[in-house]
Structures are given as C-alpha cells and as structure tokens.
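Quick note: the coordinates plus some simple rules give every number you see, no bench work behind them. The structure displayed is predicted, hence computed values, not measured ones. All Cβ positions, glycine included, derive from the backbone under ideal geometry; neighbour counts span all protein chains shown.
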Amino acid sequence: MSQDDSYEDVVKTRREESFAAFESRGKGLLHKVHDLLHGNPALVPLIVLLASIVVFGLLLGSRFFSPFALTLILQQVQIVGIVAAAQSLIILTAGIDLSVGAITVISSVVMGQFAFRYGIPPSIAVVCGLAFGTLCGALNGLLVSKMKLPPFIVTLGTWQVILASNYLYSRNETIRSQDIEASAPILQFMGTRFEIAGAVFTFGVVFMILLMLVLAWALKNTAWGRHVYAVGDDAEAAALSGVNVHRTLMSVYMLGGLICGFAGWALIGRLGSVSPTSAYEANIESITAVVIGGISLFGGRGSILGALFGALIVGVFSLGLRLLGADAQWTYFFIGVLIIVAVAVDQWIRKVSA
Amino acid sequence: MRYTTALTAVALAVSGSAAMAQDQTTACLITKTDTNPFFVKMREGAQQKADELGIELMNFAGQYDGDHETQAQAIETCIAAGADGILLLASDTSSIVSSVEQAQEAGAIVIALDTPLSPADAADATFATDNFRAGELIGQWAAGKLGDEAENARIAFLDLNVSQPTVGVLRDQGFMQGFGIDIKDPARYGDEDDPRIVGHDVTQGNEEGGRRAMENLLAQDPSINVVYTINEPAAAGAYEALDALGRAEDVLIVSVDGGCPGVQNIRDGVIGATAQQYPLDMAALGIEAIHQYAQDGTLPQPTEGKEFFDTGVELVTDEPVEGVASISVDEGLERCWG
C-alpha cells in the first residue's frame, strides 16, 4: 500500500520537474487565462453571469438590482435549473436526454392524479411520483446501456412515449390550485415561501441550489463521480480500467429520472396547480443551460455548477430584457447568440489541452 | 413491402365501408389534437348530433397543436372514404387550403370550426366564436367594475405567443376596445400608446407561462391592478404570481374560454369574469350543416355582418355590471367544457 503511494509520488514529482510544465509557463497573459479557464470550466459562465447582472443593473438601476428582482430570477429558473442538473449528469456521460421535460410533467401528474383520482394519501402520492420519474430514467438507462442504442434516439422515442402517456393518463385535465390547497397541500410544499430582507425564496429554489452543490461535490470527490467523467470521456477506456460502465450509466439515468421527479414536485409548487401542458420546453431549455454553462456535449468535461450559472444567465437575460421593455423575441435572439458563443469558447478552451 | 400491403388493406376497408353505406351520410371531424378538453367536448357534440341524424362520423386529430401533416393526411383519408362533409379545426390555416380544395373537388363540403381558414372563404362555411366580441365583453365588464377608477387603471396583457396568432390578437384588441382604449391597427397589438397599458407578455396559454409573464410585468410596474389573460390556465398562473406578492385581492383578472376549471375559478375569486365559448354547439351545428347539404345542397349562411356563423359567447360572472349582459357562475358551470 505504502509502496503504491510512493510510486505515485515519484510520478507526480517527475511530472513537475519535467517538460509537462512548459504548457503554462512563459506564454503570456492569454495563455494563463486559457489555462485557468481550462482548469475551471464553470468560470466562464460565472463571469458572464456576473457581468450580465452588472450590465442590467446599470441599465435598470434598483428595479433590477434589488433583492426582490434578483430572487425572482431564482424562482423563475428553478424548474429548468433542477432539470438542468439531471441533464448535466447525462451529458457528462456523453449522452443527451430529450425526455427530461416529459418525465418532469408526468411525475407531477402522477403525484396529482394518485392523490385526487385514487385518494392515495398525498405524501405517498409524492413518493409514487418520484418513483415513477426514477422508473422512466431507468427505462432510458436500460435502452442506452444494455441495448446500446444512441441516447439521442432513445430519448427522442421516450420523450414522445412519455408525453403521450401524460396526456392520455391525465385526459389533459388540470387539477386546480384551490383544490390542492384544500386537500393535498403537501403537493405544493416546494412552493413554500420565506423572506430574508426583501429577498424571496421558495423551498424549490433552496432545493435547486442544494442539489447542485451536493452533485458538484459528489462528482468531484467520490469514486462514482470520477466514473461518470471517465465513462463520458471514453467509455471503452473506462471499462478497460475496471469501471462498470453499465452500472454507472444506469445510476446516472435513474438519478436523472429521480431529479426530474423532484422537478415535477417543484413544478406543482410553482404553478399551484397540476397542469399536463407545462414544462413542454424543459428539455431544450435544460440543454441550453448546460451548453451555456460550458459543459461539453461530447461528454467527460465541464462542471455541473456551470449548468446552474447557465440557467441563471438565461433567467437574467429574460427578466432584464423584459424590464427594458424589449420585445420577447430579443430574449430568444440573445440566448441563441449565447449558445453559439459558449460553444465557440468551449472549442477554444479545448485547444489548450492539446 | 408489408407496410404497403397494410396500407392497401386499410384503404380497401375504408372504401369498402363507404361503398356499403352509399345512402348514408358520412362526415369527418378533424381536430388539432385529441387530448385538449376543448376538442374532446367538440367530438362529444359532433358524435351526439351524428347519432341523432344517423350520420357516420369519423374522427381524426393531429398529434400536437400545429401538426399540419397529420391533418392533411386525414383529409386525404376522408376523400378516399367518400365523406360528404368535413369539419376542420385547422392547425395551419393557410397551408391546409390546398387539401381543402381537393376535398371540395371530390364533392365534400368543408366547414371550418373555431379557427377560420385563411382566406376565410376557402371553407364552405365557418362556425366559430367571435373572439373580438369575447374580448370586448370582458373589457366592458372590467371598465364597468372599476367605474371612475377605470381612468387610472394599470393594465397588464398576458397574451398567447410572440407570433401574435389571430385568436390572440382578436381577444386582446377586443378587450381594449371594450375597456375604452384606442386600438389603432386592429390587426396587431403593441402599437397602442394609452398610458394605462403597462405592457404585454406571452404565456403560451398555460399556467407556467401565465405565472412568469405576470411576474415579469409586476417587476416592471408593481402598481398593476387589471390583468387581461388569453385563457383561464394563464389566468390561474397569473393569480399564483399575484398571490405570492399578497396582491391577489386587489387585482382584477379577466379571461376568455369558459372551461370548467376556469368557471370554478370565478366562484373561488381567482378570476373576475370570463367570456365563455361553446365548442359543443360549434360541432353540433357543423354536423347539422353537413346533413342539410347532403339533403338539399343548401349551405349555412354566415351571421349578419360577419364572415362566419357566430356560435355565441356569454360573459360569466357572479358580479354583473350594469349595461353588460352576463350569465351566473351556476349557468356557466352547466354549459362549461373540460
């Protein structure tokens, strides 16, 4: 054991002493920035986020730069933020999940219908909804890792299947906020508000932030997290070095499904009601957040916190532009620009690793 | 290969059944989707009437709102089946016209329901809600409810989506007209300069969009006290946003549609008033028109002064305002859909 340790030490010391160092030394400021960004993939979106808050703050003054408006952005992005956490995990394994929005909405519908149609105690209905989300994720995971089908195709299919099931099962009927409040208030739990000095938070927002932090920690510091990156970087190499690729993929897709289930719960909290037509664009919006957050669509690279920043950037632009009185189209326009810039920056950063 | 065989078999079966029922009138109902309660109610109305008149009814629907392909295919299937008439809720009102013409050449009459085609006269007849009138009713009601305060109103508009579809423009502009705002160009919103307008935002016609749009407009101007919404789900979302700020009690929300959850929301004080439309009547009238045409070749005449047959709209509220006719929530619940 101790021999192994000292063996690694030798490698480390050697590296420091030898040619590997030339990458970062004596190449000017640009190169240093390059290295820094490469080492901290969430840095670019964080800078963009802070810059956009400052710019809109300068343009709009206290209307934007107030605890109220800034926490409103958090509330508006909570669903996409939570879903983006699931999307990040899957994209880190070099996959993609088009069915996240559908899983989110069907989980919320299961929670609502189980409580109202079958009279199951609401707290158990919530657990059923979460379990159903996990099950949907497991289905995706099985098709991807056992049947070896491309994730894009698998989730293109399950997206339609789940969405259609959602409409058929719910008969596209909404469960009203007032009814939920009267007989199953736990469904709205994630919407519970609390205020700190003018800043308004909901449990859903707190959940989103905690989820991101926990996942960021787990991805960095646990064997599971390193396996996720390894599988995304090169599944074959990971398998050869003893990583159980099937188990890693299954865990990622199931966890993704579970997170979408929580997003469904948060969705009820946000809307008050259970509405089968909501979260329709959550798949595209979550992919947007992930891409703007600097996570590589080729897998194995990026920080999950970037996805949170990505979602917040979109939220800042949406609210900021609306407050400036701009046509809603401009929001889409700038988000499109941001996506392209984000991918361009990603490509530039990749070059340094050569 | 197997696919082609199956298709041929279906085609044979369809034409076979049409041939057998030569003397029986056949009608098609093509809706935008088969999940929206509005269309479900429509199908119900059509089926009832068809059973009553001994008409064979075939149902088709797009897979999602905006699914033009499936609707065009449905028309082809109806032509193949020798349908006498087609009731159509077009997803793409201009692209569908060429398919409609094919059906007319094959001898079927085509009746547009709910959504006029563009041009409107491409259909043999149109049964629809007067959406401008629907907006006007809730606008008049809101102005009447506020009384003298209407002059100082701060109004938020929660519209459908950025492409300004006709139905959204008609309801929005109707509301303005009813409220006493100079609408300028009636073909679009956003060109008005009345200082009472706080702004427009889009909702996609659902709760999620309604809440977000309301929050955005409140951040822009917290003094909003009147909210126009494109439909009741958007209104429910707007209410959640207002409730979160403790503003739910002092803001007036008006809406259009008349779905059952929406009418119940009037009872619960979420919405002040809504303009109710009648999908069941639209479909039943459509079937009757097809029956009439098959009997003696006469077409239904449009309502006087309009390009379409107006299937009516009623203001639903429990707080009637003088000079604006309305029905009670109880009556509204009896006639609601979804």
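For region A:133-138, just list the computed ³J(HN,Hα) in residue order, Karplus coefficients 6.51, -1.76 and 1.60, θ = phi - 60°, integers in Hz, with x standing in for Gly and Pro.
Per residue, the Karplus-derived 3J(HN,Hα) values read x, 4, 4, 4, x, 4 Hz.
In chain B, what percentage of the DSSP-assigned beta bridges are antiparallel, given to the nearest 5?
Taking every DSSP beta bridge within chain B, about 10 percent pair in antiparallel fashion.
Among A:Pro121, A:Ala237, A:Ile162, whose Cα projects farthest towards the positive end of the dipole of chain A, with charges put on the beta-carbon of Lys, Arg (+1) and Asp, Glu (-1)?
Result: A:Ile162.
List the chymotrypsin sites (Phe, Trp or Tyr not before Pro) in region A:120-206 that DSSP assigns to loop (not H, G, I, E or B) and whose Cβ has at most 10 other Cβ atoms within 10 Å. Which are they?
none
What FRET efficiency, computed as 1/(1 + (r/R0)^6) with R0 = 22 Å and r the Cβ-Cβ distance, is obtained for B:Asp193 and B:Asn161, rounded to the nearest 0.05?
0.40
Could you work out the Rg to Rh ratio of the protein assembly as shown, with Rh taken as the Kirkwood radius (inverse of the mean 1/r over all Cα pairs)?
Across the protein assembly as shown, the Cα-based Rg/Rh ratio is 1.03.
Distance between Cα centroids, region A:256-285 to region A:300-354: provide it in whole Å.
22
If you find the alpha carbon centre of region A:185-237 and of region B:190-231, how far apart are they in angstrom?
32
What list of ³J(HN,Hα) values in whole Hz, one per residue of region B:290-300 in order, does the Karplus curve 6.51 cos²θ - 1.76 cosθ + 1.60 (θ = phi - 60°) give from phi, with Gly and Pro shown as x?
So the J values, rounded to whole Hz, are 5, 4, 4, 5, 5, 6, 9, x, 8, 9, x.
Quick query: amide H of B:Leu117 versus all other amide H atoms, modeled in the peptide plane; which residues come in under 5 Å with a sequence gap of 5 or more or a different chain?
Counting only residues 5 or more places away or on other chains, the set is B:Ala123.
Around B:Ala236, with a cut-off of 11 angstrom between Cβ atoms, what is the net charge of the other residues, counting Lys and Arg +1 and Asp and Glu -1?
Local net charge: -4.
Charges at C-beta only: +1 for Lys and Arg, -1 for Asp and Glu. How large is the resulting dipole of chain B about its Cα centre, in Debye rounded to 20?
720
Need one value for B:214-227: mean number of C-beta atoms belonging to other chains within 10 Å of its residues' C-beta atoms.
For this peptide, the per-residue mean of nearby foreign Cβ atoms is 3.
Which residues make up the longest stretch of chain B clear of GluC sites (Glu not before Pro) that lie in a DSSP loop with no more than 11 other Cβ atoms within 10 Å, not counting the sites?
B:1-303
Mind putting a number on the dipole of the protein assembly as shown about its Cα centre? Charges go on the C-beta only, +1 for Lys and Arg and -1 for Asp and Glu, and I need it in Debye to the nearest 20.
For the protein assembly as shown, the charge dipole is close to 3600 debye.
For region B:97-105, in order, what is each residue's ³J(HN,Hα) by Karplus, 6.51 cos²θ - 1.76 cosθ + 1.60 with θ = phi - 60°, in whole Hz (x at glycine and Pro)?
Ordered by residue, 3J(HN,Hα) equals 4, 5, 5, 4, 4, 4, 5, 5, 4 Hz.
What spacing in nm lies between the two simple spin-label points modelled at A:Ala344 and B:Lys306, each 7 Å away from Cα in the Cβ direction?
Placing both labels 7 Å beyond Cα along the Cβ direction yields 5.2 nm.
Quick one: work out the % antiparallel among DSSP beta bridges in the protein assembly as shown, nearest 5.
Bridges in the protein assembly as shown are about 20 percent antiparallel.
What is the total of Lys pairs in the protein assembly as shown with C-alpha atoms under 22 Å apart, excluding same-chain pairs fewer than 8 positions apart?
The result is 8.
Using +1 at the C-beta of Lys and Arg and -1 at the C-beta of Asp and Glu, which of A:Leu142, B:Pro320, A:Ile284 has the Cα lying farthest in the positive direction of the dipole of the protein assembly as shown?
So the residue furthest toward the plus end is A:Leu142.
Just name one of B:Leu217, B:Ala27, B:Phe38: the one whose Cα is farthest towards the positive end of the charge dipole of the protein assembly as shown (beta-carbon charges, Lys/Arg +1, Asp/Glu -1).
B:Leu217
Hey, what angle do you get for helix A:43-60 against the long axis of chain A, alpha-carbon based, 0 to 90 degrees rounded to 10?
50
Can you compute the charge dipole magnitude of region A:41-343 about its Cα centre, using +1 on each Lys and Arg Cβ and -1 on each Asp and Glu Cβ, nothing else charged? Give it in debye, rounded to the nearest 20.
Dipole magnitude for region A:41-343 comes out near 220 debye.
Starting from the Cα of A:Ile153, step 7 Å along the direction of its Cβ; do the same at B:Leu333; then give the gap between the two resulting points in nm.
5.3
Could you pull out every residue, at least 5 positions away or on a different chain, whose amide H is within less than 5 Å of the one on B:Ile327? Hs are placed 1.01 Å off N in the peptide plane, and Pro or chain starts have none.
Hits under the 5 Å cutoff: B:Leu315, B:Val316, B:Thr317.
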